[in-house]
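The values are calculated or read from the model by the stated rules, or taken from the named source; none is laboratory data. Here the structure is a predicted model, which is why all the values come from computation and not from measurement. Here the Cβ positions follow ideal geometry from the backbone for every residue, glycine too, while neighbour counts run over all protein chains shown. Each accessible area value is taken on the protein alone, full model and side chains, heavy atoms only, with ligands, DNA and RNA left out. Shrake-Rupley method; radii C 1.70, N 1.55, O 1.52, S 1.80 Å.
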Amino acid sequence: MARKRPCRVCGKWFEPHPRAGKRQRACGQEDCRRERHRRACVAWHEQHPDYDRERRLRDRVRVDATVGEPLARDPLAEIAWDAARDAVGLEAAVIVEETGKVLALWARDAVRQQAAEITRKLAKVLPRPARDEIAAGAGPP
Ligand SMILES: [Zn+2]
């Protein structure tokens, strides 16, 4: 069990909770816990000064486009490009947007290539009648 210690907020001595032990710095009073939490938040924000600005920017440039089939959606439509341009400038936004288009086309072609490869391999493995049934679109009897 941790020994009694002074509360860093009110200064009164308290007995730390057995599970918190040495980590507990404030007594159990509501005001002291709130003040300790507030100070911890201030310290965290001093260590992560860009966190809120970054989060707000992410919210601004991201469009909720979760409607429809995932693969039928245009991934580039999930970015608010006008907000991105405002944030990083015209040149950087255009480069990022064009890079996104190249990657989207590359991904589409890679998937098509894989599908064709799988079809070719299956044709070698499946017996001839099964292939004919698949080609005819026949289901189980
Ligand atoms: Zn206290």
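Quick notes
- The figure for Val63 is an accessible area of roughly 60 square angstrom, using a 1.4 Å probe on the protein chains alone.
- For the range 90-120, backbone nitrogen atoms closer than 15 Å to the point 7 Å from Leu126 Cα along Cα-to-C-beta are found at 115-120.
- Protein accessible area in the range 13-107, 1.4 Å probe - carbon and sulfur %: 56 percent
- A 1.4 Å probe, protein heavy atoms only, puts the accessible area of Arg112 near 150 Å².
- Three semi-axes describe the equivalent ellipsoid of the range 18-84; taken as square roots of 5 times the Cα gyration tensor eigenvalues and ordered largest first, they are 42, 16, 10 Å.
- Taking the C-alpha atoms only, the angle from helix 90-125 to the longest principal axis of the chain is near 50 degrees.
- Nearest-ten-degree value, helix 30-47 long axis tilted from longest Cα axis of the chain: 60 degrees
- Order of exposure, largest accessible area first, which applies to Trp13, Trp81 with probe 1.4 Å: Trp13, Trp81
- Rounded to the nearest whole angstrom, the semi-axes of the ellipsoid equivalent to the range 1-49, taken from the Cα gyration tensor as √(5λ), stand at 22, 12, 8, largest first.
- Once you divide the Cα radius of gyration of the range 3-141 by 2.2 N^0.38 Å, the number left is 2.05.
- Relative contact order %, the range 28-136, counting alpha carbon pairs below 8 Å whose residues are six or more apart: 15 percent
- Mean residue ellipticity (222 nm) of the chain, computed from DSSP H runs ≥ 4 via -39,500 (n - 2.57), nearest 500: -19500 deg cm²/dmol
- Mean Cβ neighbour count within 10 Å, used as a protection proxy, ranking 25-33, 94-102, 119-127 highest first: 25-33, 94-102, 119-127
- The heavy atoms of His17 offer some 100 square angstrom of accessible surface to a 1.4 angstrom probe.
- Exposure rank, largest accessible area first [Arg3, Arg108; 1.4 Å]: Arg3, Arg108
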